[in-house]
Structures are given as C-alpha cells and as structure tokens.
1. Of all residues in the stretch 83-103, how many are loosely packed, with under 14 Cβ neighbours inside 10 Å and under 21 Å from Glu161 (Cα atoms)?
2. Could you give every pair whose Cβ atoms fall below 8 Å, whose first residue belongs to the stretch 96-115 and is farther than 20 Å from Arg157 by Cβ, and whose second residue is surrounded by 17 or more Cβ atoms within 10 Å (Cβ to Cβ) and hydroxyl-bearing (Ser, Thr, Tyr), counting only separations of at least 6 or pairs across chains?
3. Taking the stretch 301-319 as the region of interest, how many residues are acidic (Asp, Glu) and within 15 Å of Asn290 (Cβ to Cβ)?
4. Of the conditions (1) surrounded by 22 or more Cβ atoms within 10 Å (Cβ to Cβ); (2) assigned to a helix (DSSP H, G or I); (3) not hydroxyl-bearing (Ser, Thr, Tyr), Ala202 fails just one. Which one is it?
5. Hey, could you check the stretch 272-325 for residues that are surrounded by fewer than 18 Cβ atoms within 10 Å (Cβ to Cβ) and among the basic types (Lys, Arg) and say which is modelled with the highest pLDDT?
6. Can you go through Val80, Val76 and tell me which one is β-branched (Val, Ile, Thr), surrounded by 14 or more Cβ atoms within 10 Å (Cβ to Cβ) and touching a Ser or Thr at 6+ places or on another chain (Cβ under 9 Å)?
7. Every residue in the stretch 217-245 that is part of a helix (DSSP H, G or I) and over 15 Å from Ala120 (Cα atoms), please.
8. When you scan the stretch 157-174, do you find a residue that is on the phi > 0 side of the Ramachandran plot and touching a Pro at 6+ places or on another chain (Cβ under 7 Å), even just one?
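The values are calculated or read from the model by the stated rules, or taken from the named source; none is laboratory data. What you see is a predicted model, and the numbers here were worked out from it, not measured in a lab. Cβ placement follows ideal geometry from the backbone for every residue including glycine, while neighbour counts extend to all protein chains displayed.
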Amino acid sequence: MKAAKSKNIPSCYLPGYARAQAINPEMAANYIAHTQIGDPDADAVIEQMASLDRGTSARLFKLGLNTEDPGEREHVLRDVPSALSDFLSTLDTPPDWVDLSAYTPGIRMFHRNSSLVLGAFVGGVLVEGFSTNISKSFFITGRVREHGVRRLRQNNRHMIEIFMPGGLDRIGDGWKLSVRIRLVHAQIRHLLKNSDEWDTEAWGVPISAAHMGFSAAAFSARLLKHLKSLGAEFNDEERESFMKVWRHSGFLMGVPETILFHKEHDALKLFEIGRICEPANELEAIAMANALINSAPLVIGVNDPAGRRELARYVYRISRALIGNVLADELRYPANRSFGVLEWFRLQSRYTQMMNRLFPKRNQDNNFSQFTSLLEASAFDMAGISYRLPDAVYAEESRQW
C-alpha cells in the first residue's frame, strides 16, 4: 500500500505515523487507512434499522442470529431491511481459513490456565487496548466509566463462550456474542456520528477498523505474552490454536481481513506499529484504564471499601509489571515497584496449585485468589443473550442493553 497523504490522515495520527513509517511503512499506511473505516456491512444495518423501535430491532436481531437455516430465516424475516438480510447471508459462509476442528488445543489451554486468563486480560490487554484512541469513544459514551463492572463481566462472558467447545459454531454463544459486539459497535458509531461529540477530521472514525484490528491482535498475541509472564504453560500447537480462535472471533466482530492478523508474529507487529501510530495517551485513556482497574474488585463482589482499595492496589502492581513502567506512568498508575512482582506471582501460583491438590476443600481469601477468580464473575443473563442496543450517546441516558 502506498504511503498515506497527510491531508487524508486524521490530525492526531500525524506525529505517530511519521515515526511508524520509518519502521514499517506498508503496515503503518495500512493502519492509518483503517482509522477512517468503520464496518460498512454492520453500519448499513444500523442505518437502515434506525427508524425501527428498539424492541422491534432487538427481536429481528435475535431471530436472525438464532435461526441457523437460511431458508427458514428468509421466511421468518421476510420484509426486513435489505441490509440486515445481506449481513446475515454473508455470515452464513465463513472464510476458507476457518477450521473449527483446529480450535481444540487452544480451548484446552484456555481452560487449563483459566485462573490466569482474566488477570492477563484485565491487567494487561484491556489496559493496552484503551491506550489507543478507541478510549475516546468509550469515554464520551461512558460505557466503562459509568458501567465498568457490567462491561467487564460481558467481556468475561464473551471470552468464556468463544473458548467453549463449539462456541464458534454457527449456533454457538461465542459466535452470537461476537456478532452482537459488532452490532453494538456499529450502533455506537451511529450515535456518535449523529452527535456533536466526535471530531472525525482529528480522530478518524469512532471504533475504527484500525482499532478493532489492534484489539484482536492484543487479545490474542499480547494475551499469550502476558499469560506466559503470569506462569501459564502451553505448547506451540496450543499457542497456534489459541490464535486461530481469536482470529475467527475477530472476523465475526467485524475486523476486515485487510487488517486482521494471520499468525502470532504479525499480530505482535501490528500491535507494535499501531501503538506507534497512536497519539500520546490523553485524559480519556488515563480515565478508562484506571476505571478498569478499579472495577475489578467490584466484579468479583468485593464491596468493602478497604478491601476494594487493597485489591485494586494489588491489581495495579500486577498490571504495571505486565504493561511496563513507561505505559503505566503515562496512564498515571500509582507509583509501585514492578521488580520481582511477576516472579512472586508465579511462585504464589505454583504454591496455590500444590495446596489445591493436597487440600481441595480449603478456603482462600487473599489478593491472589481473588484476582485469579475474575473469570468466574461473568454476565450470564438468565433470559439469555440480549440483542438490545444502546439508544443514546451517553450511558446514563441509555436504557439497559
């Protein structure tokens, strides 16, 4: 791809793009080009359905995503907006590279290391994800600032479901939740586009394809790196399979193949170049990262103020050790030493595993056990997956979705 022209680059990316060009000009140009792309197929669905009332659109989404047979769906959804029919039809035929049988080793690895996954997710890749300009979309809407606990639980639920056997089958909840995320993002783009809050010339498209590609790379390759730092064990086959699961989910979430990683090494390269292209962390990224850390205790039900502060301090220390002092300082983390933190964490992990084998019924009530229980706190709604979408720019004005 040719180098992007300055007049076509959102202004906040100009300094970073110049630096990234010197390292990998093709990937830098591709990243910047995708900051100006949303998700044309999903965006068209939202635009066409904008005139429908909230209950009707939720019902149509539920019917469309839960009816597997195309013929039956065509009958059930006759007279729906054409964009929705086209969108659902494209989902019926997965790309040639999708191989559901190849996901078993990655699923096995995920569940074997499940006690460490959310630590790496919350303390590592979610924070790193919000250190991009995607933080502006979520800060403006208040999705994490005001509803951080529910969002973390929804993230947990999504990750659990894509790593369940059959989770990414057409009828699997991991498949449905991945597509739901795509529709939610399209709705937020629609709301921001029709508000006075978003500066397209300065920031590009809200929740852009670049940011979705970056997030998919972080949730997969960077998550593997952080898992290894926390003491997880996995072989090359499991590692490759884990990446395949996230690649499939990323595709379902709307990441175009033009910026969707292929292998772990190019996911890490995309993460590196994307971080260089992104502007310096501003108030929004700082607020979002710290909101995530401080939501973690509430997610697992630690409501006592003193207990919440203590666990949050622990999460901050782990997170600083995972993301590094430079980014932690940019995000205004508390001043904590990171030297030896991960070594101590890995020692605690081995000790806990040994004690659980010897004394399986023992009770644990410490920061380590609470931190590693984050995965258990997920948003499982008794009524099933919700297909409602936010209906106002600001979270406090939107009905629950």
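1. Of the residues in that region, 6 qualify.
2. Pairs that qualify, where the first residue is farther than 20 Å from Arg157 by Cβ and the partner is surrounded by 17 or more Cβ atoms within 10 Å (Cβ to Cβ) and hydroxyl-bearing (Ser, Thr, Tyr), are Ala102/Ser241; Thr104/Ser241; Pro105/Ser241.
3. Residues meeting the conditions: 0.
4. The failed condition is (1).
5. Checked the stretch 272-325; the qualifying residue modelled with the highest pLDDT is Arg275.
6. Every option except Val76 fails the conditions.
7. In the first step, residues of the stretch 217-245 are kept if they are part of a helix (DSSP H, G or I); the result is 217-229, 236-245.
Hits for the stretch 217-245 are Asp236, Glu237, Glu238, Arg239, Glu240, Ser241, Met243, Lys244, Val245.
8. Going through the stretch 157-174, the residues on the phi > 0 side of the Ramachandran plot turn out to be 166.
With the extra rule that they be touching a Pro at 6+ places or on another chain (Cβ under 7 Å), the set shrinks to none.
No, every residue in the stretch 157-174 fails to be on the phi > 0 side of the Ramachandran plot and touching a Pro at 6+ places or on another chain (Cβ under 7 Å).
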